[in-house]
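Peer 1: Can you keep this structure in mind? I'll have questions shortly.
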Amino acid sequence: MPEYKLVYFDIRAVAEPIRWIFKAAKVPFEDERISYEDWKAEKKNPRFPLGQIPTLEVDGKVWTQSYAIGRYLAKTFGFTVEDDFLNYRSEQVSEIIEDCRLIAIPLVYEVLGDNNPEVVKNLKEKIIKDVFPRHFTQINSIIEETEGVFITGNKITHGDFVLASWLNMWEDLVDPTILENFPLLEKQKLAVTSIPEIQEWLQNRPKTVA
């Protein structure tokens, strides 16, 4: 089996779906976490060809781009379906979540930086009012089309790891009630986080703000 090393900051964010995939697949990996201070010098290291993280080192070779890494690992470990349209649905959801992430980035930066209470409050209110309802409604309608708890039905795929890990983080970071009006998303998140290996990870992983 290849030796895997995932390199990222000491936060969840875009690396967390990859961690969940490894855990669900019961595949060991090294979870290297770099501090923001150390990153200032480390980003010039040749092992970071784009000057950004996360990266995944596979037997010494460096892979970049978190979603591409996640898709590859999901397929390699059997978290995929044969139906091309359903695989599209899975990736459609992951990209909707990416749209949310990009809009919510200022909140993460503020919480990890100055953490001004008034600024944080305003950013959270904007996300809860203008971002989540629109995007979550679309995801909800996608999951409604299939029979089962996951995006494609009863088989977990890459998009499920992306969706559930971000919902888990946003409940902690933004508001614990964000899924109140989206029972299918709550059901999907619970199905993923109930996987024993992921459940154990959630209980024992490093405690981080984001």
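Peer 1: At q = 0.13, 0.16, 0.18 Å⁻¹, what log₁₀ I(q)/I(0) does the chain have when each alpha carbon counts as one equal point scatterer in the Debye sum?
Peer 2: Values returned for q = 0.13, 0.16, 0.18 Å⁻¹ are -0.74, -1.13, -1.39.
Peer 1: While we're looking at this one, here's another question. Per residue of region 7-18, in order, report the coupling 6.51 cos²θ - 1.76 cosθ + 1.60 (Karplus, θ = phi - 60°) as ³J(HN,Hα) in whole Hz, putting x for Gly and Pro.
Peer 2: 10, 7, 6, 7, 9, 7, 6, 6, 8, 5, x, 5
Peer 1: Roughly speaking, what is the centre-to-centre gap between region 175-197 and region 62-97 when only Cα atoms are used, to the nearest Å?
Peer 2: 20
Peer 1: Using a Förster distance of 25 Å, how high is the FRET efficiency between Val119 and Glu171, based on the Cβ-Cβ distance and rounded to 0.05?
Peer 2: Taking R0 as 25 Å, the efficiency between Val119 and Glu171 is 0.75.
Peer 1: In sequence order, what are the phi-derived ³J(HN,Hα) couplings for region 38-49 according to the Karplus relation 6.51 cos²θ - 1.76 cosθ + 1.60 with θ = phi - 60°, rounded to whole Hz, with x for glycine and proline?
Peer 2: 5, 5, 4, 8, 5, 5, 8, 5, x, 6, 10, x
Peer 1: Cβ under 14 Å from Asn115's Cβ, Asn115 left aside: what net charge do those residues give with Lys, Arg +1 and Asp, Glu -1?
Peer 2: Values: positive: Lys121, Lys124; negative: Glu110, Asp114, Glu118.
That works out to -1.
Peer 1: Right, something else. If each of Gln203 and Tyr36 carries a label point 7 Å out from its Cα toward its Cβ, how far apart are those two points in nm?
Peer 2: 3.2
Peer 1: Given the rule -39500 (n - 2.57) for each run of at least 4 DSSP H residues, summed and divided by the residues of the chain, what is its mean residue ellipticity at 222 nm, to the nearest 500 deg cm²/dmol?
Peer 2: -17500 deg cm²/dmol
Peer 1: Report the full-extension gain for the segment Asp10 to Lys129: residue separation times 0.36 nm, less the Cα-Cα distance, to one decimal in nm.
Peer 2: Taking Asp10 through Lys129 to full extension adds about 40.0 nm, to one decimal.
Peer 1: Dipole of region 84-194, Cα-centred, from +1 at each Lys and Arg C-beta and -1 at each Asp and Glu C-beta, to the nearest 20 debye?
Peer 2: That gives a dipole near 80 debye.
Peer 1: Too long at a 27 Å Cα-Cα cut-off: which of Lys129/Lys187; Lys43/Lys75; Lys40/Lys129; Lys5/Lys44; Lys126/Lys187; Lys44/Lys189?
Peer 2: As for pairs spanning more than 27 Å Cα to Cα, those are Lys43/Lys75; Lys40/Lys129; Lys44/Lys189.
Any read-out appearing in this document is the output of simple, stated calculations on the displayed coordinates, not a laboratory observation. Keep in mind that this is a model prediction, so the values were computed, not measured. Virtual Cβ from ideal backbone geometry, glycine too; neighbours counted across all protein chains shown.
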